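Right, one structure below, let's go through it.
The values are calculated or read from the model by the stated rules, or taken from the named source; none is laboratory data. Computed from a predicted model, the values in this text were never measured in an experiment. With ideal geometry, Cβ positions are generated from the backbone for all residues, glycine too; neighbour counts draw on all protein chains shown. For accessibility, only protein heavy atoms count, side chains too; no ligands or nucleic acids. Shrake-Rupley method; radii C 1.70, N 1.55, O 1.52, S 1.80 Å.
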Amino acid sequence: MLSCNICGETVTSEPDMKAHLLIVHMENEVTCPFCKLSGVSYDEMCFHIETAHFEQNELEKNFERINTVQYGTSNSRKDSTLQCRMEVNSSIHSACASNHPKISAQGPPNNGILKHKGFYSENLTESRKLLKSKEKQSDRTKIKGSIYEAMYSPPECPFCGKIEGCSQDMETHVKTEHADLLDTPLEDCNQPLYDCPMCGLICTNYHILQEHVDLHLEESSFGHGMDRVQCSRDLEFAQQLQQEEDRKRRSEESRQEMEEFQNLQRQYGLNNSGGYKQQQLRNMEIEVNRGRMHPSEFHRRKADMMESLAIGIDDGKTKTSGIMEALYRYYQNAATDVRRVWLSTVVDHFHSSFGDKGWGCGYRNFQMLLSSLLQNDAYDDCLKGMSVPCIPKIQSMIEDAWKEGFDPQGASQLNNRLQGTKAWIGACEVYTLLTSLRIKCRIVDFHKSTGPLGTHPRLFEWILSYYSSEREGSPKVLCTSKPPIYLQHQGHSQTVVGIEERKNRTLCLLVFDPGCPSREMQKLLKQDMEASSVKQLRKFVGNLKHKQYQIVAVEGVLSSEEKIARRQASQVFTAEKIP
């Protein structure tokens, strides 16, 4: 069992005593008499004084030797000096032994006289001050001052060699510039070591370690704060970039939508670029400029157009008549691969002109259908006194039907205006116009494919059922009393004037296309019509592969009450769908 010489506490081993002295009695730690350095062992302090305070240490030794030479002849004075030194050494030794076990075990070197008198305790400093105050009372003060003045030189840093003006400045320099070296213990030191858990620095004093770790925590806290500030700035910057990207995307989408809308307006003739009259004049002027039309022909056509527009009747320059009669003769005398054929009533073909090229197919198909109805006595009552109208007149007639209350949704989509525009019309507008004229008709919507490869065999079957009314044994060619059928698909429309049943039992439609010019249609009027001329009229099942088809089929005449009922029903326009 070991007992502490300072407080009397008992410990079981020497390492426990070392820990007790280091932790409990830190106030009595070894202190440098020149610069107040503390927290090191006895040997480290000796090394420190020999290196950092060499001049001051030698000066003090010389001063003691001079005192011994000048005043050593008196035995009483020598004994007094020795007694005083021993007393001081004894106090120093006891303090050192209580503070550092290693020093206690070794004992004071050189017959009990320590190397340095005053670096173990603050109490030694007070003793030195007391002795110096007594010395100052004697005349030896003058000799000591002269020796200091002769031998003193400025202190030099033992680590970097820097020279300071006084020991206090050197102390400040060492503590600020070389604190890490002062805190690093020697390898042969037996005192406890404390490792920093954050950077691995070794400390001999746990208070110093605590302060060191606190600095780490403060730096970490500051770093985290800066990280949070930086993250906040990064988030704000990212949000700004996202907002700018969203703004650009919305702007681009808006621009694309506007372009698509303008393209649709231009495609459907709603871009206020003029109507039939303006396009007719503009295209004729182009023909004149290219040398394909004589100026006199231009003026003659212009006059005819103005007259046609004034009376509202088509000038007939795009009409081809007599085709149905020619087809009847052809099937009677030729077409050996055809088992049977059904033809509609007489129909005149109308094709597009300079004024409606690119957008007038719906109007031209209505002219074909109306030309057949005008030659059918069953419709004289509702079409009495009418002629085939020109395109601007047809536009005016549709607008009048809208004003009566037919198809308000369709009217709204076309801004309730067709005259002076190139607006397309389709099955709904044709149905509206015919119903307003008291002509009974129906719309059938073949809204999806009913056969392989996107074909519509159900469409062919419906048209065959519409035209056929004779039993087996009927003649090969049958001219029915049924009007032609208006056939609409995306972007174009045609007129169905008959249907073939071939010997292999396949069906083939006969259609008039307003895109086919008169010179081609007139080839059908020859007496020796060739099969190649009829080929342009034929549409087999594999030729109709659009996603959707709509037909308008005429079925008779409406009474006034039926007309009113159909007008009311057109408020929410519906069509019969197959399948």
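Taken over segment 446-487, residues that are assigned to a strand (DSSP E or B), under 27 Å from I425 (Cβ atoms) and open to solvent by 30 Å² or more (accessible area, probe 1.4 Å) amount to 0. Contact map, segment 259-285: residues that are on the phi > 0 side of the Ramachandran plot paired with residues that are assigned to a loop (DSSP other than H, G, I, E, B) and among the hydrophobic types (A, V, I, L, M, F, W, C), Cβ distance under 6 Å, separation 6+ or inter-chain. Pairs shown: G269/W359; G269/A423.
Table: residues versus (1) surrounded by fewer than 18 Cβ atoms within 10 Å (Cβ to Cβ); (2) in contact with a strand residue (DSSP E or B) (Cβ under 8 Å, 6 or more places away or on another chain); (3) within 16 Å of G269 (Cα to Cα).
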| residue | (1), (2), (3) |
| --- | --- |
| S352 | no, no, yes |
| C361 | no, yes, yes |
| K384 | yes, no, no |
| V388 | no, yes, no |
| P392 | no, no, yes |
| I425 | no, no, yes |
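Given the structure, is R364 closer than 26 Å to M306 by Cα and charged (D, E, K, R)? Against the criterion (closer than 26 Å to M306 by Cα and charged (D, E, K, R)), R364 qualifies. Set side by side, the residues E218, E211 differ, and just one is modelled with pLDDT under 80 and either charged (D, E, K, R) or within 30 Å of I313 (Cα to Cα) (or both), which is E218.
Suppose the filter is assigned by the TED database to the domain that holds K393, part of a loop (DSSP other than H, G, I, E, B) and surrounded by 14 or more Cβ atoms within 10 Å (Cβ to Cβ); does M529 pass it?
Working: assigned by the TED database to the domain that holds K393: yes; part of a loop (DSSP other than H, G, I, E, B): yes; surrounded by 14 or more Cβ atoms within 10 Å (Cβ to Cβ): yes.
Here the answer is yes, as M529 does meet what is asked.
Scanning segment 1-19 for residues that are modelled with pLDDT of 75 or more and either not aliphatic (A, V, I, L, M) or not assigned by the TED database to the domain that holds F47 (or both) yields S3, C4, E9, T10, T12, S13, E14, P15, D16, K18. Determine, yes or no, whether S251 is touching a residue at least 12 places away in the same chain (Cβ under 8 Å) and either open to solvent by less than 80 Å² (accessible area, probe 1.4 Å) or not in a helix (DSSP H, G or I) (or both). No. Within segment 370-380, can one find any residue that is assigned by the TED database to the domain that holds G515, free of Cβ contacts under 8 Å to residues at least 12 places away in the same chain, part of a helix (DSSP H, G or I) and open to solvent by 50 Å² or more (accessible area, probe 1.4 Å)? Within segment 370-380, one or more residues are assigned by the TED database to the domain that holds G515, free of Cβ contacts under 8 Å to residues at least 12 places away in the same chain, part of a helix (DSSP H, G or I) and open to solvent by 50 Å² or more (accessible area, probe 1.4 Å). Whenever a residue of segment 303-329 is under 18 Å from Q419 (Cα atoms) and open to solvent by 60 Å² or more (accessible area, probe 1.4 Å), its partners that are in a loop (DSSP other than H, G, I, E, B) and among the small types (G, A, S), lying with C-beta atoms within less than 6 angstrom and at least six residues away or across chains, give the pairs I313/S387. Selection of segment 287-302 for residues being within 56 Å of the chain's Cα centre (by Cα) and surrounded by 12 or more Cβ atoms within 10 Å (Cβ to Cβ) yields E287, V288.
Inspection of segment 540-552 identifies no residue that is closer than 20 Å to I323 by Cβ, in contact with a Gly (Cβ under 8 Å, 6 or more places away or on another chain) and assigned by the TED database to the domain that holds K440. Of all residues in segment 466-500, those satisfying the criterion of being of a type in the set (G, A, S) and modelled with pLDDT under 95 are S468, S469, G473, S474, S481, G491. For E187, are the conditions met, namely being modelled with pLDDT of 70 or more and either open to solvent by less than 90 Å² (accessible area, probe 1.4 Å) or outside the structural domain of A52 (by the TED database) (or both)? When the stated conditions are applied, E187 does not pass them. So V346 ticks every box in (1) open to solvent by 30 Å² or more (accessible area, probe 1.4 Å); (2) β-branched (V, I, T); (3) touching a Gly at 6+ places or on another chain (Cβ under 8 Å) but one. Which box is left unticked? Every condition holds for V346 apart from (3).
Taken over segment 265-291, residues that are within 17 Å of D356 (Cα to Cα) and in a helix (DSSP H, G or I) amount to 15.
Any idea how many residues of segment 158-178 are part of a loop (DSSP other than H, G, I, E, B), open to solvent by 90 Å² or more (accessible area, probe 1.4 Å) and within 20 Å of C46 (Cα to Cα)? Let's see the steps before the verdict.
Step one: list which residues in segment 158-178 are part of a loop (DSSP other than H, G, I, E, B), which gives 158-162, 164-166, 178.
Imposing the further condition that a residue be open to solvent by 90 Å² or more (accessible area, probe 1.4 Å) reduces the set to 159, 162.
With the extra rule that they be within 20 Å of C46 (Cα to Cα), the set shrinks to 159.
The qualifying residues number 1.
Of all the listed residues (M324, M305), the sole one being assigned by the TED database to the domain that holds Q367 and part of a helix (DSSP H, G or I) is M324.
With the structure loaded, tell me whether I499 is in the same structural domain as Q367 (by the TED database) and in a strand (DSSP E or B) or whether it fails that test. Give the derivation first.
On the way: in the same structural domain as Q367 (by the TED database): yes; in a strand (DSSP E or B): yes.
Yes: the conditions hold for I499.
Within the option set V552, V541, V511, being at pLDDT 95 or above, surrounded by 12 or more Cβ atoms within 10 Å (Cβ to Cβ) and within 25 Å of P408 (Cα to Cα) holds for one residue only, V552.
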